[in-house]
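The values are calculated or read from the model by the stated rules, or taken from the named source; none is laboratory data. All figures in this text were calculated on a predicted structure; none of them were measured in a lab. Positions of Cβ are backbone-derived with ideal geometry, glycine not excepted, and every protein chain shown enters the neighbour counts.
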Amino acid sequence: MLVALGPAGILLLSILDSSGVPVAGVFDALLILLAVKSPTTGWLCAAMAVVGSTAGNLILFWTARKGGEKFSAPPAPGSRAERFRGWFRRYGLVTVFIPALIPIPMPLKLFVVSAGVLGTPLAEFGAVVVVARILRYFGEVWLGIQLGNESATFLKTHVWHFTGGALLLFALLYGFIRWRDSRAQSDGNQPA
């Protein structure tokens, strides 16, 4: 039924999927299929998917933020919970970016909830989701236009390449953040 609505259906489906209602694997294939049928509609559907997915992720993020405020006490200094919060503040958006970008099953909702509960700034979270979703959804539409009906086969055949790419991208981003932090720390220790 939502497919018949075209871009409006994609918008609704992406809001549902990203706000916590699972639509496992169907969404990406549907977006590619619509791009194969009509490239012009495919680009509009990609834009609607970005808007809807961002809105859905923000709903889930905000719900987790409000729930976290009600039910979580500040962690004890030096506790595991405090160390995890520190780690997530430093590297957590990488754990949001990678699953939001790669069209293989990864636990994005868990990281969205963690970002909300642990107080990630809303603007940073939103920017990461928007960038990842633009790259993913417009990339899928481009793939659908270029490969046509072979797009799904291409994705299935290269799932391990995508997985390896996701792990490599995570390692690179993690390493970059550590390098940036160590440079900032060493610059802070330099005499003026």
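Does Thr163 fit the bill of being modelled with pLDDT under 85 and within 26 Å of Ala46 (Cβ to Cβ)? Give the steps one after another, and end with the answer.
On the way: modelled with pLDDT under 85: yes; within 26 Å of Ala46 (Cβ to Cβ): yes.
When the stated conditions are applied, Thr163 passes them.
Among residues of the range 139-150 that are surrounded by fewer than 16 Cβ atoms within 10 Å (Cβ to Cβ) and modelled with pLDDT under 95, those with a Cβ under 7 angstrom from a residue that is part of a helix (DSSP H, G or I) and not charged (D, E, K, R), sequence gap 6+ or separate chain, pair up as Gly148/Val36; Asn149/Val36. Residue by residue through the range 1-20, note down the ones that are surrounded by fewer than 23 Cβ atoms within 10 Å (Cβ to Cβ) and either acidic (Asp, Glu) or without any contact (Cβ under 8 Å) to a residue 40 or more places away in the chain (or both). Met1, Leu2, Val3, Ala4, Leu5, Gly6, Gly9, Asp17, listed by residue number. In the range 49-70, the qualifying residues are those that are among the charged types (D, E, K, R) and surrounded by fewer than 16 Cβ atoms within 10 Å (Cβ to Cβ), and the one that is modelled with the highest pLDDT is Lys66.
Any residue at all in the range 21-36 that is of a type in the set (A, V, I, L, M), over 27 Å from Val159 (Cβ atoms) and crowded, with 16+ Cβ neighbours inside 10 Å?
First, the residues of the range 21-36 that are of a type in the set (A, V, I, L, M): 21, 23-24, 26, 29-36.
Those still in the list that are over 27 Å from Val159 (Cβ atoms) too: none.
Looking for residues that are of a type in the set (A, V, I, L, M), over 27 Å from Val159 (Cβ atoms) and crowded, with 16+ Cβ neighbours inside 10 Å, one finds none in the range 21-36, hence no.
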